[in-house]
1. Working carefully through the options 116, 111, find the one that is touching a strand residue (DSSP E or B) at 6+ places or on another chain (Cβ under 9 Å), surrounded by fewer than 20 Cβ atoms within 10 Å (Cβ to Cβ) and modelled with pLDDT of 95 or more.
2. From the set of residues in the range 1-17 that are more than 12 Å from the chain's Cα centre (by Cα) and assigned to a loop (DSSP other than H, G, I, E, B), which is nearest to residue 72 (Cα to Cα)?
3. Which condition does residue 134 not pass, out of (1) among the small types (Gly, Ala, Ser); (2) under 15 Å from the mean Cα position of the chain (by Cα); (3) under 19 Å from residue 210 (Cβ atoms), if it passes all the others?
4. Pick from the range 7-48 the residues that are of a type in the set (Ser, Thr, Tyr) and modelled with pLDDT of 95 or more: which of them is nearest to residue 180 (Cα to Cα)?
5. Specify the residue that is least open to solvent (accessible area, probe 1.4 Å); the eligible residues are those in the range 73-108 that are over 26 Å from residue 180 (Cα atoms) and touching a strand residue (DSSP E or B) at 6+ places or on another chain (Cβ under 6 Å).
6. Residues 134, 107: which one is closer than 18 Å to residue 3 by Cβ and among the small types (Gly, Ala, Ser)?
7. Could you figure out which of (1) open to solvent by 20 Å² or more (accessible area, probe 1.4 Å); (2) within 29 Å of residue 123 (Cα to Cα); (3) not aromatic (Phe, Trp, Tyr) isn't true of residue 40?
8. Which residue pairs have Cβ atoms under 9 Å apart, sit 6 or more places apart or on different chains, and have a first residue in the range 47-73 that is of a type outside the set (S, T, N, Q) and a second that is part of a strand (DSSP E or B) and open to solvent by 50 Å² or more (accessible area, probe 1.4 Å)?
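The values are calculated or read from the model by the stated rules, or taken from the named source; none is laboratory data. As the structure is a computational prediction, the values presented were derived from the model and not from experiment. Backbone-built Cβ (ideal geometry, glycine too); neighbour counts: all protein chains shown. Please note that ligands, DNA and RNA were not included when accessible areas were found on the heavy atoms of the full protein model with its side chains. Shrake-Rupley method; radii C 1.70, N 1.55, O 1.52, S 1.80 Å.
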Amino acid sequence: MIAMITGASSGIGRDIARILSEQYGCDLILVARRMDRLKELKAQLPTRVQAISCDLSSEQACRRLYQKVKGKRIDILINNAGFGLFGSFEETSLDRELEMIDTNIRAMHILSKLFLHDFVRRDSGYLLNVASSAAFYPGPLMATYYATKAYVLRLSQAVKEELRRRGSRVSVTALCPGPVRTEFDQVADVRFSVRGLPSRQVAQYAVESMFRQRLTAIPGPLMKAARLAQRAVPDWLVLRISYHMQKRKQG
């Protein structure tokens with residue numbers, strides 16, 4: 001099998017690459033902006049690896065990426081590229097937020113649609129979209145990030161149902177982790193109020209969930225419990241709790 005992973009230079013994407021290569025023997029196409037890190041990872045993996053430097057915040061770059069690899073019969077697409085930004089909505093940078101929307105939403109949307117055409121035509125393939133536990137909640141002080149992850153989750157769920165109803169064997173899974181020990185907090189300028197799960201543990205769970213064709217994958221008992229509790233709490237209270245939790249993250 002061949003897997004393409006975006007955001008593969010660090011964190012969950014890097015660990016998913018290692019697991020797919022070392023445990024499943026997958027050849028890989030690794031995509032990120034930092035080519036030096038991709039080359040470093042490539043040298044550590046036992047299977048064939050192609051490293052591509054690409055800024056996925058550009059629509060044309062996403063389209064060029066697909067054209068570059070579409071002839072390779074990719075079996076797995078993992079949309080992992082994304083980042084966050086902390087701060088009050090009125091104060092955060094509009095340009096940075098638009099870049100976030102382009103990376104977290106538009107790139108995922110474009111690549112999912114283009115590769116799903118190929119998967120559906122072959123009636124096989126796995127799509128793993130990395131959302132977040134943030135997708136389940138409103139996110140004051142990280143409003144745009146939370147909203148982007150809600151888009152990732154709901155699009156993934158809707159597409160999976162469309163595929164199920166047509167009897168397709170193509171699988172779509174949304175990964176919704178809570179805090180993970182990666183570079184995310186440095187980029188977003190936050191400090192998590194609970195200890196994050198190891199990135200390798202989350203990546204292992206993500207890969208296993210993808211191959212088991214789960215709809216929504218939530219790693220860790222704490223986030224599963226929080227998800228269940230959230231359903232019983234009114235929205236106004238969720239907002240207040242979310243704000244105070246976010247405030248504690250301030251870097």
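1. On inspection, the qualifying residue turns out to be 116.
2. 1
3. (3)
4. Among them, the one singled out is 21.
5. So, considering only residues that are over 26 Å from residue 180 (Cα atoms) and touching a strand residue (DSSP E or B) at 6+ places or on another chain (Cβ under 6 Å), the one least open to solvent (accessible area, probe 1.4 Å) is 74.
6. Residue meeting the stated conditions: 107.
7. With (1) open to solvent by 20 Å² or more (accessible area, probe 1.4 Å); (2) within 29 Å of residue 123 (Cα to Cα); (3) not aromatic (Phe, Trp, Tyr) applied to residue 40, the lone miss is (2).
8. 69/50; 72/50
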